[in-house]
């Protein structure tokens, strides 16, 4: 079995987690690596879907958040706010739904 590995840079601009996830999703789907501008667009789209997923799953996730839920969601919609474990978890749900 041959394993191909490569290293790529992801801009640390608050969208970095979302950029990383969409970059990997494109490669996993057999698509080319997105350009930086397309990566930004896809990352912002994923962020919106993740925020929606938080709202849908509020009862399941609210206890895990360190901040007030509404304040957390308002901050999440801001592109300069970095994501963490909760956003990664919700990204996995979003990507399973959309077959990416």
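No lab work stands behind these numbers, since they all come straight from the coordinates. Just so it is clear, the structure is predicted and the values come from calculations on it, not from any experiment. Please note: Cβ atoms are built from the backbone with ideal geometry, for glycine as well, and neighbour counts cover all protein chains shown.
Subtracting the Cα-Cα distance from 0.36 nm times the residue separation, let me have the gained length for residue 16 to residue 96 in nm, one decimal. Present the calculation step by step, with values, prior to reporting the outcome.
Numbers: separation 80, 0.36 × 80 = 28.80 nm, distance 2.03 nm.
Here the segment from residue 16 to residue 96 would lengthen by 26.8 nm.
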- Query: Label points 7 Å out from Cα along the Cβ direction at residue 70 and residue 85: separation in nm?
  - Reply: 2.7
- Message: Explain nothing, just the number: relative contact order of the range 1-85, from Cα pairs under 8 Å at least 6 residues apart, as a whole percent.
- Response: 40
- Item | Cα-Cα separations in the chain greater than 22 Å, expressed as whole percent | 30
- Item | Value at 222 nm in deg cm²/dmol, rounded to 500, when DSSP H runs of n ≥ 4 in the chain each add -39,500 (n - 2.57) | -18000 deg cm²/dmol
